[in-house]
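Notes follow the structure.
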Amino acid sequence: MTDNQGKEKAWLPPLRGSKRGDVNPFIAMDMMSAAVEREKSGLPVIHMEVGQPGAPVPQHVRDVAAKALQSGKIGYTEALGMRSLRERIARHYADTYLVNVPAERIAITTGSSAGFILSFLSMFDIGARIAISSPGYPAYRNTLTALGLEPVTIVTDEKNNWVMTGADIEKAHAQQPLNGVLIMSPANPSGTMMSATALQDMAETCQRLGLWLISDEIYHGLTYEKPAVTALTFDDQAIIVNSFSKYYCMTGWRVGWLVLPETLVRPVERLSQSLYISSPQLSQIAAEAAFDCMDELEEIKMGYTRNRALFMKELPALGYGKYLPVDGAFYFYIDIGDYTNDSVDYCKRILNEAGIALTPGPDFDLERGNRFMRLSFANTYEDCEKALDCLKRFRQHS
Ligand SMILES: Cc1ncc(COP(=O)(O)O)c(C=O)c1O
């Protein structure tokens, strides 16, 4: 063997990657790659695999960002983010939830994904045990594992509307002590929500047991039955993780935020300084402008409401009528156990035969996921209609 300069290579001891890096792949992203391959070969695909809004960010946000870009002055910001954006988010809490959070307790992050890393590092030492639900968002398990933390899976089912309860946490903590609990409402992959009572019960349980409560509120704003309640209503010390990715249609801008208890503000600031320096300033400027686009964002949400109603009406006739309650977010998590016990293969067939990209369940649930697939309806109404036609043909031939 030769090296990159054509010289004979001497034997050297092999370099091995870490066990931490050995996390499961995010199958939704792998599906996206397979769908892109199909598109490259000239075949059409309707993308329903990745949880991202089909609508572009409102024009005003783009105009504000374009103006900032023209100025040419895009630099670092303070590690916790631009003051004006933190103040605007504080106002959002007062307006939306009637909760007072000082801007000093808000940290701007590079999407909620960076918010998880910063908050986990500031709360937990290596080996800490954090309860997460199954089915659930796969990055929780992978991020915790990569950071040397232990995800403790709590299996949910229809009995408790597919959400973790205070009693589940009591039981798991009694078996082997936990250090924290990570909840999300509305949830991914289902869209299922915790009622205010369930949230209060969870907050009180965590307080009584001395556990950190982390609440992922990324799908707030996207609710169809009742508005979502923030965990801060019941626990002023809860860590809130949120983002401009979903309701605000800004996935690619990579900007989110944390609401932190006072004790964690300085640790998160110090960690941010070293890990990220700051979130991109252009995205922070754009995010602040997004708060001035509520009418347009509500219009986009109305589109999801129409898509949701369409699927609710049509899916049962296709034999896909067994899905979890879609209280919020923009997903149907469909039980396909009557047709397959290998949802990865089933989703590949749907992609190849019907041109619809969906996400197989094992991303969200290692044990039962092979019986499920997730469909994201954050698309245009026309694409949803087309997808239903394609699925109908697929079902007729399968
Ligand atoms: C529940 C949940 N939390 C967090 C994220 C990460 O979002 P981002 O890093 O874009 O803010 C996602 C993305 O799909 C999600 O579904």
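The values are calculated or read from the model by the stated rules, or taken from the named source; none is laboratory data. Worth saying up front: this structure is predicted, and the values here are computed from it rather than measured. So basically every Cβ, Gly included, is an ideal-geometry build from the backbone, and we count neighbours across all protein chains shown.
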Kindly establish whether Val61 is at pLDDT below 90, surrounded by 10 or more Cβ atoms within 10 Å (Cβ to Cβ) and within 28 Å of Ala286 (Cβ to Cβ).
no
Within region 43-57, is there a residue that is in contact with a helix residue (DSSP H, G or I) (Cβ under 8 Å, 6 or more places away or on another chain) and assigned to a helix (DSSP H, G or I)?
no
When every residue in region 123-153 that is away from the ligand (no atom under 16 Å from the Cβ) and in a strand (DSSP E or B) is compared, the one nearest to Met373 (Cα to Cα) is Val152
Can you say whether Gln70 is surrounded by fewer than 11 Cβ atoms within 10 Å (Cβ to Cβ) and in a helix (DSSP H, G or I), as far as the supplied structure shows?
yes
Residue in region 249-261 that is farther than 20 Å from Ser215 by Cα and part of a loop (DSSP other than H, G, I, E, B) present
yes
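Look through region 159-203, keep the residues that are in a loop (DSSP other than H, G, I, E, B) and either among the β-branched types (Val, Ile, Thr) or in the same structural domain as Gly369 (by TED's automatic domain parsing) (or both), and return whichever of them is surrounded by the fewest Cβ atoms within 10 Å (Cβ to Cβ).
Thr165
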Filter region 255-267 down to the residues that are away from the ligand (no atom under 16 Å from the Cβ) and touching a residue at least 60 places away in the same chain (Cβ under 8 Å), then identify the one that is farthest from Ala103 (Cα to Cα).
Pro267
Hits in region 214-230 (condition: of a type outside the set (D, E, K, R) and under 17 Å from the mean Cα position of the chain (by Cα))
Ile214, Ser215, Ile218, Tyr219, His220, Gly221, Leu222, Thr223, Ala228, Thr230
Residues located in region 208-225, provided they are within 15 Å of the ligand (Cβ to nearest atom) and not in a strand (DSSP E or B)
Glu217, Ile218, Tyr219, His220, Gly221, Leu222
I need every pair where a residue in region 226-254 that is within 13 Å of the ligand (Cβ to nearest atom) has its Cβ under 7 Å from the Cβ of a residue that is assigned to a loop (DSSP other than H, G, I, E, B) and of a type in the set (Phe, Trp, Tyr), sequence separation at least 6 or different chains.
Lys246/Tyr219; Met250/Phe244; Trp253/Phe244
